[in-house]
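Enquirer: Could you have a look at this structure, given as structure tokens, before my questions?
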Amino acid sequence: MMTKEENELLCRVEGDAPMGRLMRRHWQPVCLLDEVSEPDGTPAKARLFGEDLVVFRDSDGRVGVMDEYCPHRRASLVFGRNEEGGLRCLYHGWKMDVEGNVLEMVSEPAASGMAEKVKHKAYPVKEWGGLVWAYMGPADTMPEFVPPRWAPTEDTRVSIAKVLLPCNWAQILEGAIDSAHSSSLHSSDMVPARVDGAKATANTWLRPSTDKAPRMQVQRTGYGFRYAALRRPIQNAATHDYVRSTVFVAPATALIPPNNLYNVANINVPMDDTNTAFYFIAWGHPAQTPETETWRKFLRQTVGVDLTPDYRPLRTLENRFWQDREAMKAGNFTGITGFPNQDVAMWVSMGPIADRSHDRLGASDLAIVEFRRQMLDAVRAFQAGEPAIGTGEQAIPAEICAFQAIVPKTTDWREFEVGYVWPDGKEHAELEPSYSVKA
């Protein structure tokens, strides 16, 4: 059980909150590349750690991430003119480039030299894996941008569903690393079957187990932790375990056990204390990984059908997430279509910030307990002057990934040799093929 003070320390990210300052030591996704794909196109609005931002691609194709509000009189630059190498405020015509330099002040006399004295807040930017990334921490602590484990190469297919959710980042992250809930909440979409491992079909994910009470084991690391959910497989239950191993990458990424075709991950970016940008990702070889629109349709996260144009869900608490009670009577466990929507219903129903002081945790919550303990330890260490968790020498090694497999009971999952789901012998020799047990 956590105290209310610990819950505040874990969840709050705005202003000078310690957790927000820790997270700013990591490169963070700001928006999808698709939102600013066109040079001199429409600027996009974003919000991270309580800061309102404007994102735009200039005439030369460079992307800028800046304070949304003009340094002159604080009018929104989201409405600005994106033209000739910069973003021009509509109010008085001040124009800034992607680095925050003021190029023109048409409302001021040229002789005043005022443009040289003003610098607008702008952040370093990288484009990778379908996202615009920014570093929002102190300039003297900026680490080199390293591709995330779910987008290791430029030609990896990365398909992303984006949803802006009205709740705190930590309750979403806890859902992503909670392997036990999937056997109940997602039981109509992740269906037990007599298969030799997790399989993806057009409509469901098949699993080789009916076990709803997994045994949990955790391995803490410098970048977060790995953990395994051990279940009885449908076949060979006396001699084998079905292992699903998830990786928590601090501060807010989960590498989720894959299926037979592609890998899965999510990253949760705090917009502020009570809103989060949730990115759910399929990645892998282009021949086996669904394209973006196919992925979003499978998840029931299509803009204009399931989401508003600004990526907010049409399913809400007020309309009960479009829950179909007749479908429940007919056998569907939740009556909510799209398994991420089932998660969203649970996360949002906890309130804007879940009150963890009332939790009653059990053996299946081992990963949740570890997440809370580790991140509280990490933020206190950061306050004491230590580096942010997962940075520098503690960054996640390139060989770490999630996995799922049926293995002999004599095999320790921590020593199980794993690799990304990728077609054997085709391209990317640096990406390990599927699984094998060490001799």
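The values are calculated or read from the model by the stated rules, or taken from the named source; none is laboratory data. Nothing here was measured: the structure is a model prediction, and the numbers come from that model. Neighbour counts run over all protein chains shown; Cβ positions are idealised from the backbone, glycine included. Quick note on the areas: whole protein, heavy atoms, side chains included, nothing else; ligands and nucleic acids left out. Shrake-Rupley method; radii C 1.70, N 1.55, O 1.52, S 1.80 Å.
Enquirer: Looking at segment 76-96, can you tell me whether even one residue there is of a type outside the set (Phe, Trp, Tyr), open to solvent by 60 Å² or more (accessible area, probe 1.4 Å) and in contact (Cβ under 8 Å) with a residue 24 or more places away in the chain?
Expert: Yes, the conditions are met somewhere in segment 76-96.
Enquirer: Determine whether segment 384-402 contains at least one residue that is open to solvent by 50 Å² or more (accessible area, probe 1.4 Å), in a helix (DSSP H, G or I) and either in contact with an Asp or Glu (Cβ under 8 Å, 6 or more places away or on another chain) or of a type in the set (Lys, Arg) (or both).
Expert: Among the residues of segment 384-402, not one is open to solvent by 50 Å² or more (accessible area, probe 1.4 Å), in a helix (DSSP H, G or I) and either in contact with an Asp or Glu (Cβ under 8 Å, 6 or more places away or on another chain) or of a type in the set (Lys, Arg) (or both), which makes the answer no.
Enquirer: I want to confirm something. Restricting to segment 97-108 and keeping residues that are surrounded by 15 or more Cβ atoms within 10 Å (Cβ to Cβ) and of a type in the set (Val, Ile, Thr), which single residue is farthest from residue 36 (Cα to Cα)?
Expert: So, considering only residues that are surrounded by 15 or more Cβ atoms within 10 Å (Cβ to Cβ) and of a type in the set (Val, Ile, Thr), the one farthest from residue 36 (Cα to Cα) is 102.
Enquirer: List the number of the failed condition for residue 161; all other conditions in (1) open to solvent by 30 Å² or more (accessible area, probe 1.4 Å); (2) in contact with a strand residue (DSSP E or B) (Cβ under 9 Å, 6 or more places away or on another chain) hold.
Expert: Of everything listed in (1) open to solvent by 30 Å² or more (accessible area, probe 1.4 Å); (2) in contact with a strand residue (DSSP E or B) (Cβ under 9 Å, 6 or more places away or on another chain), residue 161 misses just condition (1).
Enquirer: Identify, please: which residue in segment 222-238 is within 27 Å of residue 389 (Cβ to Cβ) and outside any strand (DSSP E or B) and is, among those, nearest to the chain's Cα centre (by Cα)?
Expert: 223
Enquirer: Separate question: Which residues, taken from segment 319-360, are assigned to a loop (DSSP other than H, G, I, E, B) and of a type in the set (Asp, Glu)?
Expert: 324, 355, 359
Enquirer: Now a separate question. For residue 102, indicate whether it is under 22 Å from residue 299 (Cα atoms), touching a residue at least 12 places away in the same chain (Cβ under 8 Å), among the β-branched types (Val, Ile, Thr) and in a strand (DSSP E or B).
Expert: Here the answer is no, as residue 102 does not meet what is asked.
Enquirer: Now a separate question. If I ask for residues that are more than 23 Å from the chain's Cα centre (by Cα) and without any contact (Cβ under 8 Å) to a residue 40 or more places away in the chain, which ones from segment 120-164 would you list?
Expert: 139, 140
Enquirer: Suppose the filter is of a type in the set (S, T, N, Q), surrounded by 13 or more Cβ atoms within 10 Å (Cβ to Cβ) and farther than 17 Å from residue 167 by Cα; does residue 341 pass it?
Expert: When the stated conditions are applied, residue 341 does not pass them.
Enquirer: Against the conditions (1) farther than 19 Å from residue 206 by Cα; (2) open to solvent by less than 30 Å² (accessible area, probe 1.4 Å); (3) not basic (Lys, Arg), where does residue 155 fall short? Just the number, please.
Expert: (2)
Enquirer: Another question about this same structure. Residue under question is residue 113, and the condition is that it be of a type outside the set (A, V, I, L, M) and at positive phi; does it hold?
Expert: The answer is yes for residue 113.
Enquirer: Can you name the residue in segment 302-338 that is in contact (Cβ under 8 Å) with a residue 24 or more places away in the chain and exposed (fewer than 13 other Cβ atoms within 10 Å of the Cβ) and, of all such residues, is nearest to residue 164 (Cα to Cα)?
Expert: Residue satisfying both the conditions and the ranking: 310.
Enquirer: Looking at segment 186-201, is at least one residue farther than 30 Å from residue 243 by Cβ and in contact with a Phe, Trp or Tyr (Cβ under 7 Å, 6 or more places away or on another chain)?
Expert: no
Enquirer: Separate question: Can you run down the residue pairs with Cβ atoms below 6 Å, 6 or more apart or on separate chains, where the first is in segment 198-223 and more than 26 Å from residue 337 (Cβ to Cβ) and the partner is basic (Lys, Arg) and open to solvent by 60 Å² or more (accessible area, probe 1.4 Å)?
Expert: Close Cβ pairs (under 6 Å, with a partner that is basic (Lys, Arg) and open to solvent by 60 Å² or more (accessible area, probe 1.4 Å)) amount to 219/414.
Enquirer: Right, here's the next one. Which ones in segment 399-439 are modelled with pLDDT of 90 or more, among the aliphatic types (A, V, I, L, M) and farther than 21 Å from residue 234 by Cα?
Expert: Those that are modelled with pLDDT of 90 or more, among the aliphatic types (A, V, I, L, M) and farther than 21 Å from residue 234 by Cα: 400, 402, 421.
Enquirer: Also: Give segment 164-180 a look and list any residue that's surrounded by 22 or more Cβ atoms within 10 Å (Cβ to Cβ) and in a strand (DSSP E or B), or say none.
Expert: Matches in segment 164-180: 165 only.
Enquirer: Here's another thing I want to ask about it. If we keep just the residues of segment 112-145 that are at pLDDT 95 or above and among the β-branched types (Val, Ile, Thr), which is surrounded by the fewest Cβ atoms within 10 Å (Cβ to Cβ)?
Expert: Checked segment 112-145; the qualifying residue surrounded by the fewest Cβ atoms within 10 Å (Cβ to Cβ) is 125.
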